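What follows is a short report on a single structure.
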Amino acid sequence: MIETFHTGMFAASLCIIIAFFSFMKETDDLHRLLLTDLASVMALFLIALVGTDLAEALILPGLVVTISKLMALAEIYLVKEGIWGNQPARTLDIEVLQSAPAILASILVLYGIFLSGFSGGAVAGLGVIFYIICKGHQERFELIETVSGYAWVAWIGAFFIMLIFPSQWFLAVMIAGGAILIKVTAKLSLIGTMRGESDV
Amino acid sequence: MIIRRISGILSNFTNLSRVYAILVIIVVLAGIAGIPSLDYKGDRLYPKTIDRNSPLDPYDRGGIPFESTGILAEYPGNSPYLGYITAYLTPLSLALASATPHMGTTIVAHPGGIIDEILYATRGLDTVVETTILFVGFAVAAYLFRRREDE
Amino acid sequence: MSPEFIIGFGLIILGTVATAWPSPKDYITRLINLELPAFGILLVMLSFDETLALLTFIAVTAISTFLFVRVIEKKEARK
Amino acid sequence: MFDLNIEGAELFALPFGDIVPYFSIYSATLAAFVLIFILISAFDHPERQLNIIFGGDAYYEKEIKEDDTRFSRFMAIACGFATLGAVLTGDIFNFTLFAVLVGITNIAIVASAGNRHVLNAAFQYGIVAMIATVPLFGAAAIILATTGTLSIWTLAGMGAVPLLAKALLILGVMGEGIAPLYIGKAEIIRAQGAPFVLMIHFSSLLLFLRVTEIVLVI
């Protein structure tokens, strides 16, 4: 184990140096945005090296930080470059995308609901994104946001149950799992809506 | 003279990320020499025990549902019900576990299990912050997206 | 050290180099090369038996790829 | 930890799981300042900017949309609570998460300005804040791996944390709290909403004070 940790640390420092060196050389803003994703892989690599259950529980917040910052930055980039109204060049015009979405999306969503928790939310969100992108639905933005707001409140409620009445741990775990599932799914499905917006 | 030059570089904010990258590279380069002297004590908290034959493989931490199981938390005294969530399996999970030995990850991702114990109970504050970060990130994106639709 | 770990960190180093200096230097190439270190870290997680993190990482990577594709599409459309 | 002279006496600790937030004299002082600034940003009205037309006496007030004000007020309050959490928490990883939250709310405050140049500043800051997660989480991971714990209570006075981890932690907080450099720039090119911009300066100042304390204690 000790050997693994040290080898991994050497590899990680090497990668960090390479990644930040190329980051230093880069001048184009979109290239920089792509390189930040590389940097976040390095952060996850460092956490994964610890290799205990705790490390695994710390990877999930790391992933959340990555995806939420990327989301905000991508949107800021589009507005600052003034290219948000562009009709996108469809680089992903694949036939499967027209025919298969309903089945695949429902499988992903069902599996996500079964998993529940953050992982389940991400899986189910992926399914919803896939469906919305392929079918080009216009979702009701405010509704999704409101639902995820209530889910957030439910989460905090579960947290306080855990804190104040530890004997009700079972109820708290169920509320927390369900709320985080709804919240993550709702948030991620917004991405699909945002992408599908320009061709409706 | 040199101060004016440095402030000239810093005043252009496209350069600032470059300066930051240089700082990180310097620190990591200096730190590489010290890596072999680091001890590994990472398995003091929540160590892994792998039982390849269990239907809950790689997440089998033992215990009977609605009973506690021994896990190593930082302050066991602060969580009176430590280990209960780890040991708990929903009826569906129990059925899955007895049906097939290959669904360990799916079962643990279902409510209950060691990851839920850490994320919700012993380190719950982490998850509160994490969901708030997600909330803020998406609020920014949704706000910018909606504002430009209005224009 | 398990073989997954060795292959994994080899892939991470290789992928980092490939992403840092992509051969035709455009956005799509860099985005595709980005999958290499991601696959490497998947193998590393597998070697530590962190399968739940692995599952979530796959989902989040897919979503961030969607994000990037959306931005790149709009960026390319201007030309 | 409270026998070290930087903290002062222990006032209160909230035992909850592995993360035990605490008030010492030092962090209670910081927390009181944070509460004052949260109140300021909750009840203050944003200042209006004046545009002066050259060659004449005419000037007009810039319009600030109600939505923009509400959004940046919300984000300023969120930023205040994130700073409060960062000041009080007793756990390294939890501290890094709060630092990230401060960073992302700072981006949000700047991004509510419609001006393209201000958004550019927000983007550049966001890039730095994003790559700062590498040193931040790296520091937390190295501390966990070398000492076996993340709790400041256990780490205090042990001196077991390697120098690399401390340097990375400071560097990470620098990355998240680098905002004032950009905001100085953004204010020059006329960003709006002065009391909320104040919160950015304030939160990064407090992050630095807190990380100094942590690095001296562990």
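The numbers here are math on the coordinates, done by the rules we state, and not lab data. Nothing here was measured: the structure is a model prediction, and the numbers come from that model. Please note: Cβ atoms are built from the backbone with ideal geometry, for glycine as well, and neighbour counts cover all protein chains shown.
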(request) State the percent of C-alpha pairs, over all pairs in the protein assembly as shown, separated by a distance greater than 46 angstrom. (result) 12 percent
(message) Given the -39500 (n - 2.57) contribution per DSSP H run of 4+ residues, what per-residue ellipticity at 222 nm results for chain C, rounded to the nearest 500 deg cm²/dmol?
(response) -27500 deg cm²/dmol
(message) Less than 12 Å Cβ to Cβ from D:S27, Lys/Arg counted +1 and Asp/Glu -1: what total charge do the surrounding residues give?
(response) -2
(request) List, in order, the whole-Hz ³J(HN,Hα) value for each residue of the range C:24-31 obtained from phi through the Karplus relation with A = 6.51, B = -1.76, C = 1.60 and θ = phi - 60°; use x for Gly and Pro. (result) x, 7, 10, 5, 5, 4, 5, 5
(request) Report, in debye and to the nearest 20, how large the dipole of the range D:32-160 comes out about its Cα centre when Lys and Arg carry +1 and Asp and Glu carry -1 on their Cβ. (result) 260 debye
(message) Based only on Cα atoms, what mean projected area does the convex hull of the range B:46-127 have, in nm²?
(response) 5.1 nm²
(request) Taking the Cβ of each residue in C:T56, B:T90 as the centre, tally the other Cβ atoms inside 10 Å and list the residues starting with the fewest. (result) B:T90, C:T56
(request) Determine the dipole magnitude for the range A:1-86: charges of +1 sit on the beta-carbon of Lys and Arg, -1 on that of Asp and Glu, nothing else is charged, the reference point is the Cα centre, and the result goes in debye to the nearest 20. (result) 160 debye
(message) Sort D:86-97, B:4-15 by packing, meaning the average of other beta carbons within 10 Å per residue, with the highest value first.
(response) D:86-97, B:4-15
(message) Roughly how far apart, in whole Å, are the Cα centres of the range D:119-168 and the range B:100-132?
(response) 24 Å
(request) Kindly flag which residue pairs out of A:K25/B:K41; A:K187/D:K166; A:K25/A:K187; A:K187/D:K65; A:K69/C:K75; A:K80/D:K166 have an alpha-carbon separation exceeding 31 Å in this structure. (result) A:K25/B:K41; A:K187/D:K166; A:K25/A:K187; A:K80/D:K166
(request) Return the average number of partner chain Cβ atoms within 10 angstrom of each residue Cβ along peptide A:124-134. (result) 2
(request) Can you check what the net charge comes to around A:G121, using other residues whose Cβ is under 14 Å from the Cβ of A:G121 (Lys, Arg +1; Asp, Glu -1)? (result) 0
(request) Would you give the gap between the C-alpha center of the range A:165-193 and the C-alpha center of the range C:22-76, rounded to a whole Å? (result) 25 Å
(request) Pick out the long, greasy-scoring helices in chain B: whole DSSP H runs spanning 27 Å or more along their own axis by Cα, mean Kyte-Doolittle at least 0.0. (result) B:13-32, B:124-150
(message) Show me, for the range B:62-76, the HN-Hα J-couplings you get by feeding each phi into the Karplus relation (A = 6.51, B = -1.76, C = 1.60, θ = phi - 60°), rounded to Hz, glycine and proline as x.
(response) x, x, 10, x, 6, 10, 8, 9, x, 10, 8, 9, 5, 10, x
(message) Could you list A:W152, C:W21 so that the one with the fewest beta carbons within 10 Å of its beta carbon is first and the one with the most is last?
(response) C:W21, A:W152
(request) For the range C:3-77, just say rounded, prolate or oblate: build the C-alpha gyration tensor, square-root its eigenvalues into a ≥ b ≥ c, call rounded for a/c under 1.5, and beyond that prolate if a/b exceeds b/c, oblate if not. (result) oblate
(message) Using only the alpha-carbon atoms, how far is helix C:3-20 inclined from the longest principal axis of chain C? Give it as 0 to 90 degrees, nearest 10.
(response) 20 degrees
(request) Report, to the nearest 10°, how far helix D:194-217 tilts away from the longest principal axis of the Cα atoms in chain D, using its own Cα long axis and a range of 0 to 90°. (result) 20 degrees
(request) Report, in deg cm²/dmol and to the nearest 500, the calculated mean residue ellipticity at 222 nm for chain B, where each DSSP H run with n ≥ 4 adds -39500 (n - 2.57) and the sum is divided by the residue count. (result) -16000 deg cm²/dmol
(request) For every other residue with a beta carbon closer than 11 angstrom to the beta carbon of C:E50, add +1 if it is Lys or Arg and -1 if Asp or Glu, then tell me the sum. (result) -2
(message) For a test of the definition: using alpha carbon positions, the gyration tensor, and the 1.5 limit on a/c, classify the range A:1-86 as rounded, prolate or oblate.
(response) oblate
(request) Pick out, from B:I2, C:T29, D:L11, the residue whose Cα sits farthest towards the positive end of the charge dipole of the protein assembly as shown, with +1 on the Cβ of Lys and Arg and -1 on the Cβ of Asp and Glu. (result) B:I2
(request) Would you please report the Å³ per residue occupied by the convex hull of the alpha carbon atoms in chain A? (result) 168 Å³
(request) Would you mind working out the magnitude of the charge dipole of chain D relative to its Cα centre, with +1 at each Lys and Arg C-beta and -1 at each Asp and Glu C-beta, to the nearest 20 Debye? (result) 440 debye
(request) Within 10 Å of each Cβ in peptide B:79-91, how many partner chain Cβ atoms are there on average? Round it to a whole number, please. (result) 3
(message) Order A:167-176, B:33-42 from most to least packed using the mean count of other Cβ atoms within 10 Å.
(response) A:167-176, B:33-42
(request) Return the average number of partner chain Cβ atoms within 10 angstrom of each residue Cβ along peptide A:21-28. (result) 6
(request) Towards the positive end of the charge dipole of chain D, with charges on Cβ (+1 Lys, Arg; -1 Asp, Glu), say which of D:G159, D:N120, D:M75 has the farthest Cα. (result) D:N120
(request) Would you work out which of B:F138, B:A33, D:G55 lies farthest towards the positive end of the dipole of the protein assembly as shown? Charges go on Cβ: Lys and Arg +1, Asp and Glu -1. (result) D:G55
(request) Measure nothing but the geometry: give the 0 to 90° angle between the long axis through the Cα atoms of C:35-47 and the longest principal axis through the Cα atoms of chain C, rounded to 10°. (result) 20 degrees
